[in-house]
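No value in this document is a laboratory result; all are computed from the given coordinates. Remember, it's a predicted structure, so these values are computed and weren't measured experimentally. Every residue, glycine as well, gets a Cβ built from its backbone with ideal geometry; the counts of neighbours run over all protein chains shown.
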């Protein structure tokens, strides 16, 4: 649950009058937990949302939900799927993979010491409230807990301006535009500090 507060502080003296307006957001406890087979119906439901289909591109596995079935039924040691929960309510999903070693070789030849992230919030009314930022900060910290991880990469579609702005605000830097099968993506990278 997001609580929004606005406060005004007034300081007066004979010759001085000031109003300070500040706003802050309090985000209730957000956690990441490993997805289980019981999350499959919810993830498949989210995968059918138009804005998620738009962000996913033309990758047939995403459109047909094959990837999540395979991952949850037979987990890979190189891919983890997390459910983000806000105040005990599922709000989104994050997939983290070791792009050099995961079985599909989606990233082609790529160096060791990286993690690739895909994230989405499940419901439209959860967008634009800071939840995605909170979830990304949690997953970034989780990725960098492994001292061998030197950077995190992401690959939003080039036309997904909202996602690109989001990743830039988090400190990701542009690397290149690249085709992944039919999808023209913008690759961004966040290096370990």
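List of remarks:
- As a rough guide to protection, the peptides 124-137, 41-54 ranked by mean Cβ packing within 10 Å, highest first, stand as 124-137, 41-54.
- Whole-Å distance, taken between Cα centres, linking segment 61-132 and segment 156-193: 16 Å
- Here the gap between residue 103 and residue 87, fully extended at 0.36 nm per residue and compared with their Cα-Cα distance, gives a gain of 2.3 nm.
- Scattering curve values for segment 114-193, log₁₀ I(q)/I(0), Debye with Cα scatterers, q = 0.18, 0.21, 0.25 Å⁻¹: -0.77, -1.01, -1.29
- Extension gain, residue 42 to residue 76: 0.36 nm times the residue separation minus the Cα-Cα distance gives 10.2 nm.
- Full-extension gain in nm, residue 158 to residue 137, via 0.36 nm per residue minus C-alpha separation: 5.3 nm
- Under the simplified labelling scheme, the residue 69-residue 178 pair shows an inter-label distance of 2.9 nm, with each label point 7 Å from Cα along Cα→Cβ.
- Put in line by how crowded their Cβ is, counting other Cβ atoms within 10 Å and starting with the fewest, 158, 94 read 158, 94.
- Going by neighbour counts of Cβ atoms within 10 Å, the residues 162, 189, 169 line up, fewest first, as 169, 162, 189.
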